[in-house]
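S.K.: This is the structure I want to talk about, given as structure tokens.
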Amino acid sequence: MSDAHSNWITATGQAWKLYVAVAGFAGSLLCFTVAFFSLGAGGGEFLGLMACGAFLAVATFVWLTAVLRCPHCKANLVWTMVASRPHTSWLIDLAALERCPACGHPLTKSSE
């Protein structure tokens, strides 16, 4: 991928972490969906599926917060974005980064 079509997270080799987080959040959404459909069948599994979905969502967010870091200053990117951006746009801004929000290190081709 060239720099013109890449973002900072992709250029530093960390895009896979976003994909794993999307899969975790999708799994959580699946648990919630199945829980609501289980209500039509008696709802015996509703509480367990809701708890599973909530746990998976929280665990995914905590994991993403812990692993997505700047390779230069080691700043925690997710927490930096959550703390400095509106709640409606921090995730979109995170995916479109061109520089580290903490140290300002620019987009590079090599991952370190």
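The values are calculated or read from the model by the stated rules, or taken from the named source; none is laboratory data. Every value quoted in this text rests on a predicted model; they were computed, and no experiment measured them. Backbone-built Cβ (ideal geometry, glycine too); neighbour counts: all protein chains shown.
S.K.: May I ask you to verify whether Glu98 is under 15 Å from Ala15 (Cα atoms) and either more than 15 Å from the chain's Cα centre (by Cα) or hydroxyl-bearing (Ser, Thr, Tyr) (or both)?
M.R.: Taking the combined requirement at face value, the residue satisfies it.
S.K.: Okay, moving on. Across segment 70-89, what is the number of residues that are under 16 Å from the mean Cα position of the chain (by Cα) and touching a residue at least 24 places away in the same chain (Cβ under 8 Å)?
M.R.: The number of residues fulfilling the criteria is 3.
S.K.: Oh, and also: Here's a check for you: in segment 1-45, which residue that is at pLDDT below 90, in contact with a Ser or Thr (Cβ under 8 Å, 6 or more places away or on another chain) and farther than 20 Å from His105 by Cβ is surrounded by the fewest Cβ atoms within 10 Å (Cβ to Cβ)?
M.R.: Residue satisfying both the conditions and the ranking: Gly44.
S.K.: Please work out which one of (1) outside any loop (DSSP other than H, G, I, E, B); (2) over 20 Å from the mean Cα position of the chain (by Cα) is the condition Gly44 fails and give its number.
M.R.: Only one criterion in (1) outside any loop (DSSP other than H, G, I, E, B); (2) over 20 Å from the mean Cα position of the chain (by Cα) is unmet by Gly44, namely (1).
S.K.: Across segment 73-97, what is the number of residues that are loosely packed, with under 15 Cβ neighbours inside 10 Å, not in a helix (DSSP H, G or I) and not hydrophobic (A, V, I, L, M, F, W, C)?
M.R.: Qualifying residue count, segment 73-97: 5.
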